[in-house]
Amino acid sequence: MFRIEAEVDRARRDLLRSRLRDTNTAASPVLAALRGTPDEREVPLHVWALDESGDLAGGLVGHTWTTWLHVTYLWVDTPHRGAGLGSRLLAHAEHTARTARACTTARLETWDFQAPDFYRKQGYDVVCVIPDYPPGLTEYTLTKRIA
């Protein structure tokens with residue numbers, strides 16, 4: 001018997017993620033050859049920019065996994081936009097990923113109203129376009145060689 005539930009159950013989510021990773025690792029020689037557990041291989045990488053008063057001016061949240069940097073969020077507060085802060089945050093994350101974590105490639109996702117042109121100017125290439133995700137928007141996946 002099966003039961004469908006629509007509630008958030010973090011323990012089950014974590015169990016499902018763990019079992020999926022174990023299955024994937026067992027099935028893939030590439031993943032099986034990686035050192036450490038999947039959770040040990042995915043290492044957070046955060047970069048913060050504070051203004052003169054110590055308030056958050058911008059930041060980048062991501063992680064490194066194997067030889068990849070994955071940028072999850074990059075945000076710059078409105079008064080600080082256009083001054084190169086986003087470029088500096090991204091460059092710092094790429095430098096850290098390359099020099100301290102042996103990453104060779106970076107990836108990220110963005111929507112058409114956000115920053116695909118900004119990322120192209122930083123050397124990123126569009127590798128995937130998903131129109132109407134969500135409806136009325138287009139999502140882009142971009143990558144960049146950083147080594």
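The values are calculated or read from the model by the stated rules, or taken from the named source; none is laboratory data. As the structure is a prediction and not an experimental result, all values here were calculated from the model. Here the Cβ positions follow ideal geometry from the backbone for every residue, glycine too, while neighbour counts run over all protein chains shown.
Structural remarks
- Pick from the range 51-71, criterion touching a strand residue (DSSP E or B) at 6+ places or on another chain (Cβ under 6 Å) and among the aliphatic types (A, V, I, L, M), ranking: farthest from Ala97 (Cα to Cα): Ala57
- All positions within the range 1-23 that are over 18 Å from Trp65 (Cβ atoms), part of a helix (DSSP H, G or I) and charged (D, E, K, R): Arg10, Arg12, Arg13, Arg19
- Ala115 under 30 Å from Val30 (Cα atoms) and not aromatic (Phe, Trp, Tyr): no
- When restricted to residues that are among the hydrophobic types (A, V, I, L, M, F, W, C) and part of a strand (DSSP E or B), the range 98-147 contains 9.
- Of the residues making up the range 58-99, those that are buried (at least 16 other Cβ atoms within 10 Å of the Cβ) and among the charged types (D, E, K, R) are Glu94, Arg98.
- Residue satisfying condition, being free of Cβ contacts under 8 Å to residues at least 40 places away in the same chain, out of contact with any Pro (no Cβ under 9 Å at 6 or more places or on another chain) and assigned to a loop (DSSP other than H, G, I, E, B), within set Ala83, Ala26, Ala91: Ala83
- Figure legend. Inter-residue proximity from the range 112-129: first residues over 10 Å from Leu90 (Cβ atoms), second residues of a type in the set (D, E, K, R) and not in a strand (DSSP E or B), beta-carbon distance below 8 Å, spacing 6+ or different chains. Indicated pairs: Val126/Arg120.
- Tabulated pairs, the range 68-80, first of a type in the set (Ser, Thr, Tyr), second at pLDDT 95 or above and in a strand (DSSP E or B), C-beta under 6 angstrom, 6+ apart or interchain: Thr72/Val61; Thr72/Gly62; Tyr73/Val61
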